[in-house]
Structures are given as structure tokens and as C-alpha cells.
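Comments concern the structure below.
The values are calculated or read from the model by the stated rules, or taken from the named source; none is laboratory data. This is a predicted model, so every value here is computed, not measured. So basically every Cβ, Gly included, is an ideal-geometry build from the backbone, and we count neighbours across all protein chains shown. Keep in mind that these areas ignore ligands, DNA and RNA; they rest on the heavy atoms of the full protein, side chains included. Shrake-Rupley method; radii C 1.70, N 1.55, O 1.52, S 1.80 Å.
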Amino acid sequence: MQQGKYRFVTGFLIVPVVLYAVFMIWPYMQTFGYSFTNWQGQSQEMSFVGLDNYTALFSDSVFLKALWHNILLLFFLPVATILLALFFAYMVNVGGRGGAGGIRGVAGSGFYKILFFVPHVLSIAILAVLWRAIYRGDVAGLINGVFIKLGLSDPAHPIEWLNEPDLVLWCVAFVLLWWGVGFYLVLFSAAMQSVPKEIYEAALLDGASRTQSFFRVTLPLLWDTVQTAWVYLAILAMDCFALISVMTPGNSYGGGPDHNSEVMATYLMRNFLSFGKSGYACAMGVVILGLTLILSLVTLRISRRERIEY
């Protein structure tokens with residue numbers, strides 16, 4: 001029976017494992033191999049160049065600028081998204097007073113959950129087109145129109161949000177924040193609903209304020225969920241390709257103006273598809289993969305702590 005069980009399990013696993021190896025593992029291995037060549041992407045002719053692509057990569061000012069932009073997003077996006085999502089999740093679950101047991105969310109909490117989650121339903125392409133219209137750099141843009149009505153901007157010289165070198169990256173970051181908060185609000189809300197209300201009641205009876213109960217009760221009990229959210233948001237910050245390529249100015253795949261919204265993913269695609277430097281682009285892909293794996297492992301290691309049982 002034991003041998004029959006193993007054959008039965010193997011029979012179900014063999015096809016998914018083979019498919020995963022063919023369509024996931026093998027492309028990674030090919031990319032790693034191509035990164036040591038001068039492959040141009042149009043033919044199978046290529047020459048081995050060793051570490052030349054990697055050497056050129058870390059002396060490429062555009063790549064280093066794109067890497068710095070990813071690092072900025074890496075610090076801003078997870079911190080801002082998790083803090084806002086935790087705050088709103090706390091408010092819609094235990095932020096009110098009264099009701100059964102003395103603990104409940106603010107009035108209309110169900111509606112707020114739906115309202116905050118709506119942006120996440122939109123695809124990235126639709127999101128990029130929508131916010132490109134909102135950030136439009138003339139009087140027809142929504143933000144400029146509001147600013148002009150309030151007398152905060154000159155109609156003759158409206159702010160060109162996506163063409164300002166100092167603003168464009170933060171405009172993108174705000175869109176990612178607006179898009180992500182609702183999803184993580186729902187994620188944290190689901191985690192909070194598994195926490196017995198008696199714990200919050202005991203904290204309030206002991207004289208804990210709302211702030212104290214958040215940091216001493218809610219956050220420790222949700223730490224595993226926060227850790228998972230941090231990893232996913234860090235991976236998102238290392239990507240951002242779709243949003244930046246559609247929303248920001250540039251000849252191909254966005255990144256403008258003058259590479260001020262460039263990230264590693266957009267620079268990779270530009271080299272691969274537009275410049276014919278596919279081997280060089282594969283080296284970028286290997287670097288991005290390595291950085292993402294290191295980042296995930298370090299994040300999980302640093303944020304590790306004992307599980308709190310309740």
C-alpha cells in the first residue's frame with residue numbers, strides 16, 4: 001500500500017513538475033547562459049563574451065540611475081502602503097466604539113472596504129491611462145484644473161507632472177500606493193477578524209489607548225501577514241514595468257523625461273527589443289533576479305520573530 005501511494009502521488013506530480021521545469025526553470029537557465037554572450041536577439045548567432053556584459057552593466061550610468069529609482073521605490077512603497085493599509089484596516093475593524101462586545105469598526109466600514117478595494121480591480125494598463133489623463137500637463141488635466149480653480153497654479157503655465165524630472169517618479173509612486181492600499185487593507189482586515197475581540201476588550205479595560213492597542217496588540221498579532229505583504233510589495237517595487245512604460249513619456253517603454261522615471265525593467269526591455277542588445281538585457285535580468293531573491297531572503301530573515309499564539 002505504501003508503494004502504491006507513492007506511485008499514485010508521483011503520477012499526479014510528474015506532469016506539473018515537467019511543465020514547471022520546461023516553462024519556468026529552463027527559460028531562467030537560458031537567460032543565464034545568454035547573459036555571457038553578445039546575442040542580438042534576431043538570430044542564433046552569438047559569441048561568448050564572458051563577464052563583459054556584467055562589467056558594462058555596472059559602468060552604465062542609465063542602469064545605475066534605474067537601480068537607484070528601484071531602491072527609492074523599495075523604501076517608499078512597502079512602508080507607505082503597509083502603514084496606510086494597517087491604519088485603515090484597524091479603523092474599519094476595531095476603530096469604532098459600542099455595539100456587541102463594545103468593539104466594532106467605524107460606521108460604514110463595509111462600504112469603505114469596497115471603496116478602497118475598487119482601484120485594485122482595475123488592470124495596470126487601465127490604471128496607467130487613467131492617471132496619465134489625471135496628470136495631464138495642460139489645463140485639461142484633472143489636477144491642473146483643480147489647482148487653477150483654487151488659484152494654486154497659473155493657467156498660462158500649468159504643471160507638467162509627468163515631464164518634471166523631480167516629480168515624475170513620485171507621481172508613479174503615488175499611483176502604486178493608491179492602487180495597492182485597498183488590497184492590503186482587505187488582507188489585513190481578514191487577519192484582524194481572526195483575532196478574538198476579547199483581546200481588544202481586555203486592552204481597553206486595562207486603560208490602553210487606541211494607539212497603544214494598535215502597536216501592542218494588533219501589530220504583533222498581524223506580524224506574519226505584514227511580513228508577507230512586505231515581500232510582495234518589495235517585489236512590486238523591483239518591477240513597475242507596465243505602469244511606467246504606459247504612463248510616463250519616452251520613445252519606447254517610458255522612463256522619461258531623460259530617464260528620470262527609468263527602472264531596471266523598462267531599461268531591460270528597451271535594450272532587448274529596441275537596441276538589439278539581448279545578451280546585455282539578459283545580464284540585467286539575471287541581476288534583477290538575484291537582487292529580488294536576496295531582498296526577499298533578507299526581508300524574511302530580518303523580520304523573523306516568534307509567533308504569538310492566542
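What the table shows:
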| item | result |
| --- | --- |
| Residue, surrounded by the most Cβ atoms within 10 Å (Cβ to Cβ), within the stretch 273-290, restricted to residues that are at pLDDT below 90 and assigned to a helix (DSSP H, G or I) | L273 |
| Only one of M24, M46, M29 that is open to solvent by 100 Å² or more (accessible area, probe 1.4 Å), over 15 Å from M284 (Cβ atoms) and among the aliphatic types (A, V, I, L, M) | M29 |
| Listing of helices (runs of 4 or more DSSP H) fully contained in the stretch 162-243 that carry 2 or more residues being within 19 Å of F75 (Cβ to Cβ), in contact (Cβ under 8 Å) with a residue 60 or more places away in the chain and hydrophobic (A, V, I, L, M, F, W, C) | 168-193, 223-237 |
| Selection count where residues are open to solvent by 60 Å² or more (accessible area, probe 1.4 Å) and under 13 Å from L177 (Cα atoms), scope the stretch 117-131 | 1 |
| Residue pairs meeting the criteria (Cβ under 6 Å; at least 6 apart or on separate chains; first within 17 Å of P155 (Cα to Cα), in the stretch 118-138; second surrounded by fewer than 16 Cβ atoms within 10 Å (Cβ to Cβ)) | I134/L142 |
| Residue, most open to solvent (accessible area, probe 1.4 Å), within the stretch 218-241, restricted to residues that are hydrophobic (A, V, I, L, M, F, W, C) and over 17 Å from L67 (Cα atoms) | W230 |
| Sole residue being more than 30 Å from Y267 (Cβ to Cβ), at pLDDT 90 or above and open to solvent by 60 Å² or more (accessible area, probe 1.4 Å), chosen from V18, V9 | V18 |
| Residues located in the stretch 125-152, provided they are under 25 Å from the mean Cα position of the chain (by Cα) and basic (K, R) | R132, R136 |
| Among (1) open to solvent by 20 Å² or more (accessible area, probe 1.4 Å); (2) of a type in the set (V, I, T); (3) not in a loop (DSSP other than H, G, I, E, B) - the single one I159 does not satisfy | (3) |
| Helices (runs of 4 or more DSSP H) wholly inside the stretch 54-153 that include at least 3 residues being modelled with pLDDT under 90 and either farther than 30 Å from V286 by Cα or in contact with a His (Cβ under 8 Å, 6 or more places away or on another chain) (or both) | 61-94, 109-121, 142-149 |
| Counted residues, the stretch 49-91 - those being open to solvent by 70 Å² or more (accessible area, probe 1.4 Å), hydroxyl-bearing (S, T, Y) and closer than 22 Å to A237 by Cα | 1 |
| Count of residues meeting criterion [at negative phi, surrounded by fewer than 23 Cβ atoms within 10 Å (Cβ to Cβ) and not hydrophobic (A, V, I, L, M, F, W, C)] in the stretch 252-266 | 4 |
| Selection within the stretch 261-273 - within 12 Å of L169 (Cβ to Cβ) and either touching a Lys or Arg at 6+ places or on another chain (Cβ under 8 Å) or among the aliphatic types (A, V, I, L, M) (or both) | E262, V263 |
| Exclusive hit being small (G, A, S) and open to solvent by 40 Å² or more (accessible area, probe 1.4 Å), set S245, S209, S213 | S209 |
